[in-house]
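First comes the structure, then the notes that go with it.
The values are calculated or read from the model by the stated rules, or taken from the named source; none is laboratory data. This one's a predicted model, so the numbers in the text were calculated from it and none came from an experiment. Because the Cβ atoms are built from the backbone with ideal geometry, glycine has one as well, and the counts that use them run over all protein chains shown.
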Amino acid sequence: MNNDFPYKLDSLRTPVTGRVSLTQAIHVDGPLLGGLLVLVSVGLFVLYSGSSQSMDTIIRQVSRLAIGFSVMLVMAQIPPRTYKRWTPWLYLVGTGLLIAVLVAGAEAKGAQRWLALPGIGRFQPSEVMKLIVPMMVSWYLAERALPPGWRPVLLATLLMLVPTVLIAKQPDLGTSLLIASAGFIALFLSGLSWRFIGGLVVAAVPAAGSLWMVMREYQRQRVLTFLNPEMDRWGAGWNITQSKTAIGSGGLEGKGWLHGTQAHLDFLPESHTDFIIAVLAEEFGLLGVCALLLIYFAIIARGMYIAMNAQDTYSRLVAGAITLTFFVYVFVNIGMVSGILPVVGVPLPLVSYGGTSVVTLMAGFGILMSIQTHRKLVAT
Amino acid sequence: MPKPITLKDHYRETRVFARRSVVGLGFVFLLMLVLVARMFYLQVMQYEKYRTMADENRITVEPIAPTRGLIMDRNGTLVADNRPSYAVSIIKEQCPDVDDTIRNIGELITLDEAQIDRFHKRLEQRQRPHTPVALKFKLTEEEIAIIAVNQHRLPGVTLDASLVRHYPWSETLSHAVGYVGRINERELKTLDATDYSATEHVGKTGIEAFYEDQLHGDVGFQTIETDARGRITRVLERTDPAPGQDLMLYLDLPTQIAAAKALDGRRGAVVAIEPETGGVLAFVSIPGFDPNLFVTGIDYKTYKDLQESRAQPLFNRAIQGQYPPGSTIKQIVALAGLYYGVTDWNRSIYDPGFYKLENDNHFYRDWKKWGHGVVNMHQAIVESCDTYFYDLAFKMGVDRIHDFMLPFGFGKRTGIDMPSERPGLIPSRNWKRGALNQPWYPGETLIVGIGQGYMLATPLQLALSAAILANRGKLVKPHMVRNIGGTPVTDAQPPGQIELKDPNNWELTIAAMRAVVHSATGTARGIKEGLTYDIAGKTGTAQVVGIKQDESYDASKLSDWHKDHALFVGFAPVDKPKIAVAVLVENGGGGGSTAAPVARIVMDAYFNSLAQDAISDNQREPATSEQ
């Protein structure tokens, strides 16, 4: 408790004794909330078209978003130091659940990803690990002198590798890579030496080779299809060929809302889930895509602003990692649909139809808001 | 447990984090530029390519098959029509497991291995996903019902209807009308690719093949928008197909049926021609086959049985069968003798039962062992005296017989509107030198005079010669089709007339032919009983195997396949002929006893049919009689 340090008080915009705004009082960050609401509204418009104008889908998505925003609000109320205190325990429980999934998980589509909870339904532990892993890496690094030396880096790497490997074994390569990247971002933000990063890039080549060796047949197929989608136009390459056709045929201005032929005649697969950006690109053109990217950029910029203004190392690293991981989702999804990355099954955050990912993402933004709105009470 | 230096590092940590955040945000910005660049590449630089691909995805130009023209007889009775036929098909994308589905269908209706094999072959060949692939064609009413009732538990299984050729008269008209079959690879190369893009069948034989162009019609097109499942969402543009033209034949179905029935159980052919027009009234080749078998694909065993049968049901005897005409050409040889002044009606010879050439030991036998005695030409025709015609032929020489017979339609294709007609053969010295590189022997001329030896004719040629005789020399060309799409066929009649030096000889020859049927000694006298009209005819009995010098023909000693062919040509009524007929019964024995009665039945049927027409024409204004 170093509350009495004068320089701390100076750095606050709102004096402790001053009037507390409404958003501050309910622990909501206005600009971030605004950005999210714009994104979600645009997303619903595209989803309506991508789901073949199914009002049913919209209602279900809206109710999921409502749950997501509620979770965000709840998460925002919890002060960052509580998160910090819980982090190692959450990590232990989460890793335990991942082991439980491998041992007793429910199987669906050839992968064990879910845990059946009696009376509650299915639960996907890997989803919450998307938040817990960057939190754990941040927790560990916050206690060390930064930039980290070799030993803390190795230990932090180990901390994120354990859940990564467990998830990869389910098998869910996409999620495991995203979780690894979340941990890596926390490391990067903590000041990980550039030499280490350079070494990592050099090591990536043999690593990719060995990854190929352990990949399942369907995963290899995805990579091969990514490298040459025309190779199998009616089979595995169908998805990517059709999504590129949807995007390209949209042109600069698009075909107009609800007038995308690729989406509405069912040529575009998964048009309301993973491939929804293709619907937007087809109907709103390059201009629409740029507008959406601008919204994402605004949200990310606000997230980084919150991170830079956070008052302790843990909060800074968590906020930065959550924000940049959010971008990784955006990049991987759009990269995959437009054909510059392999198909990995990552939804477009807050636009794609889907339940679990909305809740996890909004929980992350809740933590960001908590960090931003609890500042005056926080001390390092 | 922070060490004391942690506090000192606080500023540095903040600075490092701020720097890294800016770098991170810079990465974000850069990667977003990468995405925008990618989108720019796809949406602006490659726009044309993807726009085209999107249109190709959804817009399909689909050909629409024209409806094949109908074929009917002279009374308007349909002899070839189109009926809906159902096939059960599978859409692979909509069915959970193809093999399971086939097994399930197999439990409901019978499927054989070959059908399943062909299904898999078709499945591999299909060009787009979500298109149905046929598993079994030509479902019965019962099979359609079973599939329809169970369709809810067979996802991806569809029943497709299409129009398929149907021949209601089956075997009766198999050789006249012919049949259509699935287009094979060889035909695919010769047929117009655009015109046949939606057509599955093409005429293979008979009228169906000869009039393919007229029957087929013109293909139509529609530009359609489909979804990924191949379902049509919109028709953007449509050009209707032009249906094929209907054909009306000269054929009289009651006469055809009577002819087929009269031959029933034997092998042979009947051709009946309307002398005035050359129109073919009956065209029968027995045995026939069910042409419906060929339409949707005949199974291998049935086809092999048909092909290997000794009775040759697939062989069109009427235009492809070349037989020695025997005595059925004697009246024409007689006209030739008169024409060249070699003989006249008063000249008589003595027939001891054989004919002998000087310096030749060979006995040229008459069919009547003890001979006809003294015969003039009239008697020679009536009694079919061989010796008289040996003598006449010898005096005339083979080349003059050849020259005189050609205009009667022998020795060359008649030009009937049917495919695969054979030309027959009238020998001459030139022909033998060219074809066999041998000189002509005088004895060969003798047997040409009685329609044996090298001479060959199709039943159609025999019927045509009878029609030309009935016309008193006016030439006609045999024709199957009377009008196309309601327009009469105009090229039917080539002008021409066989000129005799003495036109009286037409009537005298015809009188002798009349006596063949109506006199007490005529070889076809057996059919005159109860006749209400006059028939002029000539019988023929053609040898299939040579009889040795010291043997005589004994039918009971020969196997059925070596017995003589029975023939008859004739026309009626004698004064104003309405029908000329040729009958051939393979290994049937005597022409008078076997072939002539068939001709009588055919003529009776035709006159009966004409009488029916007259009644219905008088009674009803628009004739709408259909069987």
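Among the residues examined, B:Val569 does not qualify as touching a Phe, Trp or Tyr at 6+ places or on another chain (Cβ under 8 Å), at pLDDT 90 or above, surrounded by 13 or more Cβ atoms within 10 Å (Cβ to Cβ) and under 25 Å from B:Ser285 (Cβ atoms). Within segment A:243-268, being facing chain B (nearest Cβ under 7 Å), in a loop (DSSP other than H, G, I, E, B) and in contact with a Leu (Cβ under 8 Å, 6 or more places away or on another chain) holds for A:Gly251, A:Leu252.
In the condition set (1) touching a residue at least 40 places away in the same chain (Cβ under 8 Å); (2) farther than 19 Å from B:Phe17 by Cβ, A:Phe297 is compliant with all but (1). Residue pairs whose Cβ atoms lie under 8 Å apart, sitting 6 or more positions apart in sequence or on different chains, and linking a residue in segment B:259-283 that is within 15 Å of B:Leu173 (Cβ to Cβ) to a partner that is among the hydrophobic types (A, V, I, L, M, F, W, C) and part of a loop (DSSP other than H, G, I, E, B), are B:Val280/B:Leu251; B:Val280/B:Ile416; B:Val280/B:Met480; B:Leu281/B:Leu251; B:Ala282/B:Leu251; B:Phe283/B:Leu251; B:Phe283/B:Met480.
For every residue, the table says whether it meets (1) at pLDDT 90 or above; (2) in a helix (DSSP H, G or I); (3) within 29 Å of B:Arg317 (Cα to Cα).
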residue: B:Ala380; (1), (2), (3): yes, yes, no
residue: B:His402; (1), (2), (3): yes, yes, yes
residue: B:Met405; (1), (2), (3): yes, yes, yes
residue: B:Ser420; (1), (2), (3): yes, no, yes
residue: B:Pro423; (1), (2), (3): yes, no, yes
residue: B:Pro439; (1), (2), (3): yes, no, no
residue: B:Gly443; (1), (2), (3): no, yes, no
residue: B:Ile447; (1), (2), (3): yes, yes, yes
residue: B:Ile450; (1), (2), (3): yes, no, yes
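For segment A:279-291, the set of residues classified as touching a helix residue (DSSP H, G or I) at 6+ places or on another chain (Cβ under 8 Å), hydrophobic (A, V, I, L, M, F, W, C) and within 10 Å of another protein chain (Cβ to nearest Cβ) consists of A:Ala281, A:Leu286, A:Val289, A:Cys290, listed by residue number. Can we say A:Arg64 is assigned to a helix (DSSP H, G or I) and more than 21 Å from the chain's Cα centre (by Cα)? Criteria not met by A:Arg64.
Yes/no matrix, rows are residues, columns are (1) in contact with a Pro (Cβ under 9 Å, 6 or more places away or on another chain); (2) at pLDDT 95 or above; (3) within 20 Å of A:Met135 (Cβ to Cβ); (4) crowded, with 24+ Cβ neighbours inside 10 Å:
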residue	(1), (2), (3), (4)
A:Leu294	no, yes, no, no
A:Arg316	no, no, yes, yes
A:Thr323	no, yes, yes, yes
A:Tyr329	yes, no, yes, no
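Condition check ((1) more than 30 Å from B:Glu56 (Cβ to Cβ); (2) in contact with a Gly (Cβ under 7 Å, 6 or more places away or on another chain); (3) not aliphatic (A, V, I, L, M)) across all residues:
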position	(1), (2), (3)
B:Ala134	no, no, no
B:Glu143	yes, no, yes
B:Pro155	no, no, yes
B:Asp160	no, no, yes
B:Ile183	no, no, no
B:Arg186	yes, no, yes
B:Lys189	no, no, yes
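The condition (being of a type in the set (Ser, Thr, Tyr), assigned to a helix (DSSP H, G or I), more than 14 Å from the chain's Cα centre (by Cα) and within 14 Å of chain B (Cβ to nearest Cβ)) is satisfied by just one residue among A:Ser138, A:Ser181: A:Ser138. Would you confirm whether or not segment B:73-96 contains a residue that is facing chain A (nearest Cβ under 8 Å), among the basic types (Lys, Arg) and either over 30 Å from A:Ala319 (Cα atoms) or part of a helix (DSSP H, G or I) (or both)? So far as segment B:73-96 goes, no, none of its residues is facing chain A (nearest Cβ under 8 Å), among the basic types (Lys, Arg) and either over 30 Å from A:Ala319 (Cα atoms) or part of a helix (DSSP H, G or I) (or both).
Annotation: A:Leu280 fulfils all but one of (1) in contact with a Leu (Cβ under 7 Å, 6 or more places away or on another chain); (2) of a type in the set (A, V, I, L, M); (3) part of a loop (DSSP other than H, G, I, E, B); the unmet one is (3). Of the residues making up segment A:331-342, those that are touching a helix residue (DSSP H, G or I) at 6+ places or on another chain (Cβ under 6 Å), touching a residue at least 24 places away in the same chain (Cβ under 8 Å) and either crowded, with 24+ Cβ neighbours inside 10 Å or at the interface with chain B (Cβ under 9 Å from one of its Cβ atoms) (or both) are A:Ile334, A:Val337, A:Ser338, A:Gly339.
For segment A:354-368, indicate whether the set of residues that are farther than 25 Å from B:Ala18 by Cα and either facing chain B (nearest Cβ under 10 Å) or in a loop (DSSP other than H, G, I, E, B) (or both) is non-empty. The answer is yes, given that some residue of segment A:354-368 is farther than 25 Å from B:Ala18 by Cα and either facing chain B (nearest Cβ under 10 Å) or in a loop (DSSP other than H, G, I, E, B) (or both).
For beta carbons closer than 7 Å, sequence separation of 6+ or different chains, a first residue in segment B:206-218 that is farther than 16 Å from B:Gly181 by Cβ and a second that is of a type in the set (Gly, Ala, Ser) and surrounded by fewer than 19 Cβ atoms within 10 Å (Cβ to Cβ), the qualifying pairs are B:Gly217/B:Ala242; B:Asp218/B:Ala242.
With respect to (1) within 18 Å of B:Arg317 (Cβ to Cβ); (2) assigned to a loop (DSSP other than H, G, I, E, B), the lone exception for B:Glu276 is condition (1). Considering only residues in segment B:100-145 that are of a type in the set (Ser, Thr, Tyr) and away from chain A (no Cβ under 14 Å), the one that is nearest to B:Ser89 (Cα to Cα) turns out to be B:Thr101. Here is a list of conditions, (1) surrounded by fewer than 19 Cβ atoms within 10 Å (Cβ to Cβ); (2) within 20 Å of the chain's Cα centre (by Cα), and B:Ser285 meets all of them except one; can you say which number that is? Result: B:Ser285 fails condition (1) only. Only residues that are free of Cβ contacts under 8 Å to residues at least 24 places away in the same chain and closer than 11 Å to A:Ala278 by Cα were counted across segment A:251-266, and they come to 1. Consider segment B:129-153 and keep the residues that are more than 15 Å from B:Ser85 (Cα to Cα) and outside any helix (DSSP H, G or I). The one that is nearest to the chain's Cα centre (by Cα) is B:Val133.
For segment B:28-66, the set of residues classified as at the interface with chain A (Cβ under 8 Å from one of its Cβ atoms), over 12 Å from A:Gly251 (Cα atoms) and touching a Leu at 6+ places or on another chain (Cβ under 8 Å) consists of B:Val28, B:Met32, B:Leu35, B:Val36, B:Asn57, B:Arg58, listed by residue number. Counting only residues that are among the basic types (Lys, Arg) and either outside any helix (DSSP H, G or I) or at pLDDT 95 or above (or both), segment B:1-37 holds 1 of them.
Tallying residues that are more than 28 Å from the chain's Cα centre (by Cα) and crowded, with 22+ Cβ neighbours inside 10 Å within segment B:591-621 yields 1.
Within segment B:12-23, residues that are more than 7 Å from chain A (Cβ to nearest Cβ) reach no partner that is crowded, with 16+ Cβ neighbours inside 10 Å with beta carbons closer than 6 Å at six or more positions or on different chains.
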